[in-house]
């Protein structure tokens, strides 16, 4: 926490001079002003490198500076001149480092050599790569394959991810949880049932053709600022943008493009949202149902009057299934009940429906505000229902657009990082490599956590990420984590997951994506998939942080070779020597997606994976797009708690972080500086609960008999719906019960946690 804590909310637009100042600040702080500026020119360019933070699409004709504030921070964070060599760990015990903040740990800079935890000194000590591989393999051979977890954070390339999933399956398990399990698995479960594909249908070109955009639970200003270019262009064409979000987020209000000299000098901003509806946390399901109800009622009126139909009847009859059941459900929904659950008035929902009805082609954009609820899957399915009512799937300028987080989280799923054997090409792997892949379902993130708590999971290997900091049930998880036999972390910087370790623990430093990866003296290139399903080539521009770093590919291969699979069909050394051979293997495994992979990866704008729903080909059980009736209107039924003063906590990110990486303590867009230990609360709730702005409180989960608390949170008056509070992730993760996850997808329900507050003074 910084010394200078202040709260000065203002109405400055996203982008603008604030963004430029923030960029300059981090380049100076990481001591990479010259190098960072030179490298940023190549970020998200067709012949450059893919951003290491978000997965937003990369245009074929990029802007001169095709990076956003947060993308630039991620680049500077990786290019940093700071180093965390073995000497640093000699100076600090692991127990001491556990008391450090997330920011201060990563601020030490890049890891430079492989290290093993020494129980006698409680320090990480440098070791050789070969010794690390040998002992890791020995420990893995001592465990049953179902007891070992292979986690992937979403940042590894397609090539490294393919090798990693093959390592896990040759070892004998499908335990391949990933960061998608924590965020967008609700999408992957919902959309195959509705439109037959587990990813979005929208491309960047659709933003140029759309005439209306609906936004749900996605803070573009902090999580994917480059999207603001598409939104600004749409607004210049008078395209309405209708937003549903509990907080009034700056990036969804107004934007000054830092690449426009006129806007920067004049201060003229673009209004982003034309309607802004502050739905209460967990109220999106009811809000979308209300919009559907208004459309169906308006269509009934049109039938009576003999005017143009509101619904796309031809599309519904030719392409959809179960419309009558869905329509009957919606008609029977009571407006007062919808208003109560949504936290919106009937008029607000009807106003949004009228805007939707006027549009020819509508894009629906959403983020974790929909997916991280107990009924997160139904949230996504209801949004799909809304689009189907007017044929807004498979039409230029229309479609569903889940905004993925980490830079290749969608891509790693495409090449086999999945715990679900039915989604992996196991027969093809058997054909290509001559082994029998495991057919038993593996562990997802929540199941892996349950396995650790129960003592069933014995070893955890992590390809990137900060798992222990990202998951729910923090206190219990950290206690159980220390009982693991083996923990292995492939990483670029130190983080808390390295400190809460198993009996045998290794930290293996790898090259970053921005660094030049030379194998046998030859620079290598890798590839990623963006959130719109385009594959892109990417290569490094900076010299490695240390000569002792290995690529992720080499580390995966090193473990595989030490395990001695004795499989002549897998030449790990050849793959590490030339990544194009890995791409050849990916092409053979997924010929429909990756045909002519090595040539097409450098296509400006990338090459697109086949998405049948874009062409109104429905790979569903019915052969049609399916309307799905929700089970109820409250997306978080566990919120129905007895007694008074229960608030709905939703976790949020600042514009000074990416996932668990904390760049600093300022949240410029919300006017919070120097701290992250805050709860944003409606001013009326402050009065109702007997608190004052600035009070320090303890938040306690109201869910079961387990005590889950977070101390030292400052109450801050904010424009948020009554009954809701917002706090930062991952600081509020200890309040999330592990069982409090989305049904079917098991995504942690971090957007609606029942809590009560009490003053700190009450504890004394």
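The values are calculated or read from the model by the stated rules, or taken from the named source; none is laboratory data. Worth saying up front: this structure is predicted, and the values here are computed from it rather than measured. Please note: Cβ atoms are built from the backbone with ideal geometry, for glycine as well, and neighbour counts cover all protein chains shown.
The rows are residues; the columns are (1) part of a helix (DSSP H, G or I); (2) in contact with a helix residue (DSSP H, G or I) (Cβ under 6 Å, 6 or more places away or on another chain); (3) closer than 20 Å to residue 718 by Cβ.
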site	(1), (2), (3)
265	yes, no, no
282	no, no, yes
287	yes, yes, no
290	yes, yes, no
293	yes, yes, no
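I'd like the residue in segment 133-156 that is touching a helix residue (DSSP H, G or I) at 6+ places or on another chain (Cβ under 7 Å) and not in a helix (DSSP H, G or I) and, out of all such residues, is farthest from residue 492 (Cα to Cα). Result: 148. In segment 680-689, the condition of being buried (at least 18 other Cβ atoms within 10 Å of the Cβ) and under 30 Å from residue 78 (Cβ atoms) is met by no residue.
Only one entry in 552, 529 is closer than 25 Å to residue 114 by Cβ and in contact with a strand residue (DSSP E or B) (Cβ under 8 Å, 6 or more places away or on another chain), namely 552. Is it the case that segment 35-46 has a residue that's touching a strand residue (DSSP E or B) at 6+ places or on another chain (Cβ under 8 Å) and on the phi > 0 side of the Ramachandran plot? Scanning segment 35-46, I find no residue that is touching a strand residue (DSSP E or B) at 6+ places or on another chain (Cβ under 8 Å) and on the phi > 0 side of the Ramachandran plot, so the answer is no. Screening segment 320-386 for helices (runs of 4 or more DSSP H) wholly inside it with 2 or more residues that are more than 14 Å from residue 287 (Cα to Cα) returns the ranges 323-332, 346-358, 368-371. Pairing residues of segment 566-592 that are more than 22 Å from residue 426 (Cβ to Cβ) and not assigned by TED's automatic domain parsing to the domain that holds residue 417 with residues that are at pLDDT below 95 and surrounded by fewer than 21 Cβ atoms within 10 Å (Cβ to Cβ), at Cβ distances under 8 Å and at least 6 apart in sequence or on separate chains, gives no pairs at all. For segment 293-336, the set of residues classified as farther than 24 Å from residue 624 by Cα, under 35 Å from the mean Cα position of the chain (by Cα) and crowded, with 16+ Cβ neighbours inside 10 Å consists of 294, 333, listed by residue number. Screening residue 172 on (1) in the same structural domain as residue 564 (by TED's automatic domain parsing); (2) under 24 Å from the mean Cα position of the chain (by Cα) shows it passes everything except condition (2). Within segment 183-198, the set of residues being in a loop (DSSP other than H, G, I, E, B), buried (at least 24 other Cβ atoms within 10 Å of the Cβ) and at pLDDT 95 or above comprises just one member, 195. In the set 176, 111, 158, which member is crowded, with 20+ Cβ neighbours inside 10 Å, touching a strand residue (DSSP E or B) at 6+ places or on another chain (Cβ under 7 Å) and within 15 Å of residue 508 (Cβ to Cβ)? Residue meeting the stated conditions: 111. Condition first: within 21 Å of residue 444 (Cβ to Cβ) and at pLDDT below 95. Can you find one or more residues in segment 138-154 that meet it? So far as segment 138-154 goes, yes, one or more of its residues are within 21 Å of residue 444 (Cβ to Cβ) and at pLDDT below 95. The set of residues in segment 451-465 being out of contact with any strand residue (DSSP E or B) (no Cβ under 6 Å at 6 or more places or on another chain), surrounded by 19 or more Cβ atoms within 10 Å (Cβ to Cβ) and modelled with pLDDT of 95 or more consists of 451, 452, 458.
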